[in-house]
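Just below is one structure, and these are the notes that go with it.
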Amino acid sequence: MPLLIKNGEIITADTRYKADILVQDETITQIGLDLEMDDEDLEVIDATGKYIFPGFIDPHVHIYLPFMATFAKDNHTTGSQAALIGGTTTFIEMCCPNRNDDHWEAYNLWKSRAEGNSACDFTFHMGISKFDDTVESQLKQIVEDGISSFKVFLSYKNFFGVEDGELYQVLTLAKKLGVIVTAHCENAELVAQLQQKLLAEGKTGPEYHEKSRPVQVEAEGTNRFATFVEMTGATGYIVHLSCQAALERAMAAKSKGVPLYIESVIPHFLLDKTFAEKPDFEGAKYVMSPPLRDKSNQKHLWAALEQGFIDTVGTDHCPFDVEQKDMGRGDFTKIPNGIPAIEDRVNLLYTYGVSRGNLDIHRFVDAASTKAAKLFGLFPRKGTIAVGSDADLVIYDPNYRGTISVKTQTVNNNYNGFEGWEIDGKPEVVTVRGQVQVRDGKFVGDASRGQFLRRKPSHF
Ligand code: DUC
Ligand code: ZN
Ligand code: ZN
Ligand code: ZN
């Protein structure tokens, strides 16, 4: 059914203007003033007083995730509908095989979980937890199948994590294939040693999680990753950079011309380590890795985001409920890591960035959509509003005022880390390839609309 969106203000990463948008089939076919169309099936949406943003892209989510003896709570039905309600029309999920898992099988398992079950479009970063000849040939097959980004963990020893030699091999292969490598940057050995030391001292509560992975641990991982990227000539992307110490290392490499990109995630911009110090084990809700930091780091993250040194804002969405978090009572190393945010990322970044004067609106669109599309081989199909692009559109009401609450969320979890936080705007209508999936802020669409997005390697 054709769709005509009239009188809205189109805002992309670099333009801002009032125009109508005509959508036919799955794409944008016209943008202009006073568009009309004679078709009895035409749906007209009046977007007077609303912004129209390109569908937002979350470059870092976990939906299906076996982790720390349990599973993250969302499935693709709940996760994708929560994403859409929050304005995210595409997510990139981490496919995370364990060291002993067959990587080709893991890839197909993750894909089969998503296919037919997602309401929004999706693709994967292929996690690599081991490197040998078998994995190498499987990775080539996975790239052929449409995956143009890898993921490595420098932490989580003996589990998801890779050794330095394997990191070198992964980057070398990625360089050859034209694939970007995303990395979780923490020093695994330091984390393991500090955890044991703290536990031996009887320091077992969630407030000690941050002390087991202090900023130095992340700065070291960041510096090491940047050095390996430089030595191999590959292109790197640091996920969830959380603090000034790591930012300094990444910027030092970037300013030398090392092709390195930076993602930070919404919890680190807004929540700080005092949340993980809440009494009665409440702090466990705020345990993620890298941990929430001292509040003094946040102004550096906001400044780097505004200046474009931080390229993208994701979530590291990873929901574990209160009962799962409880597995870590008496031993913080057993608290499943993660704070869910897939539903709230865009509204929080808009509110505490754009609306409260900390972020230019175009940089907001760039960081929450366009830049991820460019880095991960989705642009200009995704990440912009242009004739020929997919009609993934967010009609956003900047006059909405409300608060975030577990009571109204779609994410499958029994708490929200942003409970009670004000938001200054909200998606009213969200389309995925031309189909209205969210109307009046509610999911009304096709639960299996989402497509697997095949991507081509790029030569940066
Ligand atoms: N950090 C988290 O908090 N959760 C999932 C994986 C990760 O690196
Ligand atoms: Zn991570
Ligand atoms: Zn400072
Ligand atoms: Zn993650």
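Throughout, read-outs are computed from the coordinates displayed, never taken from laboratory work. Just so we're clear, the structure is a prediction, and the values are computed from it rather than from any experiment. Ideal geometry is used to build each Cβ from the backbone, glycine not excepted, and the neighbour counts take in all protein chains shown.
Quick notes on this structure:
- Out-of-range pairs (alpha-carbon distance over 29 Å; input 50/382; 157/374; 176/211; 334/426; 157/273): 157/374; 176/211; 334/426
- Span from the segment 161-222 Cα centroid across to the segment 1-65 one, whole angstrom: 42
- Sorted peptide list for 263-269, 70-76, 28-34, criterion being average Cβ within 10 angstrom, highest first: 263-269, 70-76, 28-34
- Take every pair of alpha-carbon atoms less than 8 Å apart whose residues are at least six positions apart; their mean separation over the length of the chain yields a relative contact order of 23 percent.
- As a rough guide to protection, the peptides 154-160, 286-292 ranked by mean Cβ packing within 10 Å, highest first, stand as 286-292, 154-160.
- For segment 172-295, the C-alpha radius of gyration divided by 2.2 N^0.38 Å, with N the number of residues, is 1.15.
- Average Cα contact separation per residue, segment 102-212, under 8 Å, 6 or more apart, as relative contact order %: 24
- Inter-centroid distance (Cα atoms) of segment 106-123 relative to segment 331-356, Å: 23
- Rh by Kirkwood over Cα pairs, then Stokes-Einstein D for the chain at 0.890 mPa s and 25 °C, µm²/s: 111
- Extension reserve of the residue 442-residue 141 stretch, reckoned as 0.36 nm per residue once the Cα distance is removed: 104.5 nm
- The packing ranking, built from the mean of other Cβ atoms within 10 Å per residue, places the peptides 172-179, 367-374 in the order 367-374, 172-179, highest first.
- Size of segment 322-385 as Cα extents on the principal axes (Å, biggest first): 49, 31, 16
- Whole-number D in µm² s⁻¹ for segment 118-204, Kirkwood Cα-pair radius fed into Stokes-Einstein, 25 °C, 0.890 mPa s: 170
- Inter-part distance where segment 431-451 and segment 240-307 are each reduced to a Cα centre, Å: 32
- Which of 47, 24, 37, positive extreme of dipole for segment 1-140 (C-beta unit charges): 47
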